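Written out below as structure tokens is the structure these notes cover.
The values are calculated or read from the model by the stated rules, or taken from the named source; none is laboratory data. Here the structure is a predicted model, which is why all the values come from computation and not from measurement. Cβ coordinates were reconstructed from backbone atoms using ideal geometry, including for glycine residues, and neighbour counts include every protein chain displayed.
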Amino acid sequence: MSTNAVNTTGPRTEALDAPCCVPARGENVLQAEEAEKLAARFKALSDPNRLRILSIVSANKDAETCVCDLPEPLGLKQPTVSHHLKILVDAGILHREKRGVWAYFSVVPGALESLSSTLVAPQR
């Protein structure tokens, strides 16, 4: 028998009768409805092309990008780009503003910060 083996046949202790942990409760725990909304937003970001779109839009010095400027750097056709943009807008990550025949996209203020804050454990 190895010296690292754990004896599981010995007598039970009182600690085994106690609950193993206390369920988390309180204001820092996601409620079901909020978790659904967050999952939809994270799902919108789960596509590499949408991440690239977000990167292009947020890196633009004017803080916005015309839809006409996206197909070439992405290597995608216009309908595919429009599909990805719609998902990002519906998720509340990008804002769309129509100007004439073109649509301009910008990052919704606070959208990315609110997503990242859900990934950071609160300080105790």
- prompt: Within the bounds of segment 71-84, is there any residue that is in contact with a Phe, Trp or Tyr (Cβ under 7 Å, 6 or more places away or on another chain) and modelled with pLDDT of 90 or more?
  reply: no
query: What number of residues in segment 27-73 are of a type in the set (Gly, Ala, Ser), more than 11 Å from His84 (Cβ to Cβ) and touching a residue at least 24 places away in the same chain (Cβ under 8 Å)?
result: 3
task: Can you confirm whether segment 17-29 contains a residue that is modelled with pLDDT of 95 or more, under 20 Å from the mean Cα position of the chain (by Cα) and not in a helix (DSSP H, G or I)?
output: no
task: Please work out which one of (1) touching a Phe, Trp or Tyr at 6+ places or on another chain (Cβ under 9 Å); (2) in a loop (DSSP other than H, G, I, E, B) is the condition Cys68 fails and give its number.
output: (2)
- request: Please identify the pairs in which a residue from segment 78-94 that is crowded, with 19+ Cβ neighbours inside 10 Å has its Cβ atom under 6 Å from the Cβ atom of a residue that is of a type outside the set (S, T, N, Q) and in a strand (DSSP E or B), counting only partners at least 6 apart or on another chain.
  value: Leu88/Leu94; Leu94/Phe105
